[in-house]
1. Dividing the Cα radius of gyration by the Kirkwood radius, what Rg/Rh value follows for region 1-48?
2. Per the helix-only calculation at 222 nm, which mean residue ellipticity applies to the chain, given -39500 (n - 2.57) for every DSSP H run of n ≥ 4 and division by its residues, nearest 500 deg cm²/dmol?
3. Could you name the lysines in cross-link range of Lys10, using Cα to Cα under 19 Å and dropping any fewer than eight places away on the same chain?
4. For Leu9, tell me the accessible area in Å² from a 1.4 Å probe, rounded to the nearest 10.
5. Mind checking the full-extension length gain between Ala56 and Glu16? Use 0.36 nm per residue of separation minus the Cα-Cα distance, one decimal, nm.
Amino acid sequence: MTLQEWMKLKNMNDAEFAAEVKVLSRSQISRIRRRKSIPSPQTAKLLEETTGIPAASFVFAERAA
């Protein structure tokens, strides 16, 4: 499952998710969700703790063209 799919399932937008994780901005969430930015290992771990999506899938995800 991707962050985009998880957020859609939870009916959350970037701002709502950023408010939930508290340490990332809406724009950071947007870039990670669209795979335009690869999060640090620490941020990937935080995303894993919040979503249940394995941290490795954020760090090793293929970036969109």
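The values are calculated or read from the model by the stated rules, or taken from the named source; none is laboratory data. All of these numbers come straight from a predicted model, not from anything done at the bench. With ligands, DNA and RNA removed, areas are computed over all heavy atoms of the protein, side chains included. Shrake-Rupley method; radii C 1.70, N 1.55, O 1.52, S 1.80 Å.
1. Working: Rg = 9.7 Å, Rh = 10.6 Å.
Answer for region 1-48: 0.91.
2. Numbers: 5 runs with 39 residues, N = 65.
Roughly -16000 deg cm²/dmol at 222 nm, from the helical runs in the chain.
3. Partners within reach: Lys22.
4. Surface open to solvent at Leu9 totals about 120 Å².
5. Working: separation 40, 0.36 × 40 = 14.40 nm, distance 2.32 nm.
Gain on extension, Ala56 to Glu16, equals 12.1 nm.
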